[in-house]
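These notes are about the structure you will find just below.
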Amino acid sequence: MTILVTGGAGYIGSHTCIELVEAGYDIVVADNFVNSCMEAVHRTRKLCGVDFPFEQIDLTDYEATDRLFDKYKIDAVIHFAGLKAVGESVKIPVTYYRNNLDSALSVLEAMKKHEVKSFIFSSSATVYGPEAPVPYNEATPVSRSTASPYGNTKLMIEYILKDTVKAIPGFNAVLLRYFNPVGAHASGEIGENPTGIPNNLMPYVAQVAVGKLDMIHIFGNDYDTPDGTCQRDYIHVVDLAKGHVAALKKVKENCGLFVCNLGTGKGTSVLEMVKAFSRSCGKELPYEFAPRREGDLPAFWADPAFAKEQLGWVAEKGIQEMCDDVWRWQSKNPDGFPQD
Ligand code: NAD
Ligand code: UFG
């Protein structure tokens, strides 16, 4: 069975490629490197032990996407490709809507033409919106609008997939709502490689640990949480990657539309995360409290029961292992992947 992994040179996609190959799938990877590079593909191939095919294409280009489906006999698609920086999406919304919606639409159009009927989508916990009770479970209705244009693209693609499942007999779509992916492959060869100053907590902390940034700014210490800082459900990227292998079994069962959280079910505060990372790198990391960041919710985490029941999938790796693995990746590659 051959899986097209769109955005497979990126952070979550590259880790998923390894788990897919390990599980016995053939893969084809497509990416335009808007937020990744060829070195990630080289290293992923090495870790897989397989020289899987890679195509550098922009998936918003329907003709190029169609040619990809002509060239390879694809059985299922895992669609990671998309722009993902929440703050940037507020500044350049049209770019985000254009890229994320067009890439999903051209893949779906090519799938229709080539009669490929299995699709797994990288959605996000952000679709639950601020009103949802914690822990988030799949029965909670999604919000009418999320906190950002980025989040809205996830919501819109969820609707597109819902309608596609209704319209095309035998079409199956798994919507995976990720919580906060962190961590890196245990080899330290691949990991998260943000461009510029990281917006997300874990890569920021890792860059302070390696000396590239001076100080961690903790956004808000007056939330109604046990230590006053925000809580999130951090999930190891390798656990998340394994969730996609479990989801592929689900699509083969002809699931129609299937929505599932991928999280651990545990909330961890920003301060707890910083302390765990300090243990990983063996030094106290400097931090200061800063004002709350606009749009942040105080605390949310997944109800992971449905994933366990339906996919037989449970996240296994804890916070310390997540920090240890990020530290290995960051200390081996302080500047991320070498530029090619
Ligand atoms: P990433 O940026 O590392 O990977 C996305 C990849 O898609 C990149 O390699 C990028 O070059 C590629 N891409 C983007 N637009 C493309 C296009 N038009 N054509 C071809 N390739 C294109 O991001 P990631 O963290 O690996 O996230 C993967 C997916 O998971 C994204 O859809 C993201 O929105 C979603 N997601 C991520 C998180 C997170 O916190 N990392 C949380 C929830 C959901
Ligand atoms: N934080 C800091 N300092 C920093 C960076 C972050 O204190 O330098 C705090 C934030 O205020 C928040 C927590 O760390 O309380 C986590 O922030 P991240 O930016 O790492 O993650 P978010 O929860 O804001 O968002 C992430 C992804 C979204 C996704 C969401 C849920 O960026 O795309 O998880 O899956 F929707």
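The values are calculated or read from the model by the stated rules, or taken from the named source; none is laboratory data. Values in this document were obtained by computation on a predicted structure and should not be read as measured data. No Cβ is skipped: glycine too gets one built from the backbone with ideal geometry, and neighbour counts run over all protein chains shown. The protein model used for the area step is the full one, side chains on, heavy atoms only, and it has no ligands, DNA or RNA in it. Shrake-Rupley method; radii C 1.70, N 1.55, O 1.52, S 1.80 Å.
Worth a mention:
- Evaluated at q = 0.13, 0.19, 0.23 Å⁻¹: base-10 log I(q)/I(0), Debye formula over Cα of segment 219-340: -0.69, -1.10, -1.24
- Net charge of Cβ neighbours under 14 Å - reference E109; Lys, Arg +1; Asp, Glu -1: -3
- Sum of side-chain charges, S124 neighbourhood, beta-carbon under 14 Å (Lys, Arg +1; Asp, Glu -1): +1
- In terms of packing, defined here as the mean over residues of other Cβ atoms within 10 angstrom, the peptides 285-294, 61-70 line up highest first as 61-70, 285-294.
- The Rg/Rh ratio for segment 271-340 is 1.07, where Rg is the radius of gyration of the alpha carbons and Rh is the Kirkwood radius.
- Distance between the pseudo-spin-label points of V50 and T2 (7 Å out from Cα toward the beta carbon): 1.2 nm.
- Long-range lysine pairs (8 or more apart or interchain), segment 157-273, Cα under 27 Å: 12
- Between amide H atoms placed 1.01 Å from N, distances below 5 Å from V259 occur with L175, all of them 5 or more places distant or on a separate chain.
- Of all accessible heavy-atom area on segment 282-340, the percent that carbon and sulfur account for (1.4 Å): 50 percent
- Each residue of segment 248-262 was assigned a 3J(HN,Hα) from its phi angle through the Karplus curve 6.51 cos²θ - 1.76 cosθ + 1.60 (θ = phi - 60°); the sequence is 5, 5, 5, 5, 5, 7, 6, 7, x, 8, 10, 10, 8, 6, 10 Hz, with glycine and proline shown as x.
- For E294 and E253, the FRET efficiency from 1/(1 + (r/R0)^6), where r spans their Cβ atoms and R0 equals 51 Å, is about 0.75.
- Spin-label model distance (nm) - V210 vs K275, 7 Å beyond Cα toward Cβ: 2.6 nm
- Per residue value of the accessible surface for segment 104-223 (all protein chains in place, 1.4 Å probe), Å²: 41 Å²
- Residues whose placed amide H lies under 5 Å from that of Y178, excluding near-sequence neighbours: S123, S124, A125, L262
- Carbon/sulfur fraction of accessible area - segment 113-208, other protein chains in place, 1.4 Å, %: 53 percent
- Net charge dipole size for segment 251-340 [Lys, Arg +1 and Asp, Glu -1 on Cβ; Debye, nearest 20]: 160 debye
- Amide H partners (placed H, <5 Å) of V28, local residues excluded: I3, L4, V5
- Rounded tilt (10° steps) of 93-113 against the dominant C-alpha axis of the chain: 30 degrees
- Computed from phi, the 3J(HN,Hα) profile of segment 225-242 under the Karplus parametrisation 6.51, -1.76, 1.60 (θ = phi - 60°) reads 9, x, 10, x, 9, 5, 10, 9, 9, 7, 10, 5, 4, 6, 4, 4, 4, 5 Hz, with x in place of Gly and Pro.
- Gain in span if fully extended, N137 to S187, counting 0.36 nm per residue against the direct Cα distance: 14.7 nm
- When the charge dipole of segment 265-340 is built from unit charges on Cβ atoms (+1 for Lys and Arg, -1 for Asp and Glu) and taken about the Cα centre, the candidate among Q339, L297, C323 whose Cα reaches farthest toward its positive end is C323.
- Segments 120-129, 1-10 sorted - mean Cβ within 10 Å per residue, highest first: 1-10, 120-129
- For segment 283-340: accessible area per residue (Å², 1.4 Å): 61 Å²
- Accessible surface of segment 1-100, 1.4 Å probe, proportion on carbon and sulfur as whole %: 50 percent
- With a cut-off of 12 Å between beta carbons, the residues surrounding E63 carry a summed charge of -3, where Lys and Arg count +1 and Asp and Glu -1.
- Each Cα pair under 8 Å and six or more residues apart adds its separation to the average, and for segment 91-148 the resulting relative contact order is 24 percent.
- Translational diffusion coefficient of the chain (Stokes-Einstein, Kirkwood radius from Cα pairs, 25 °C, 0.890 mPa s): 121 µm²/s.
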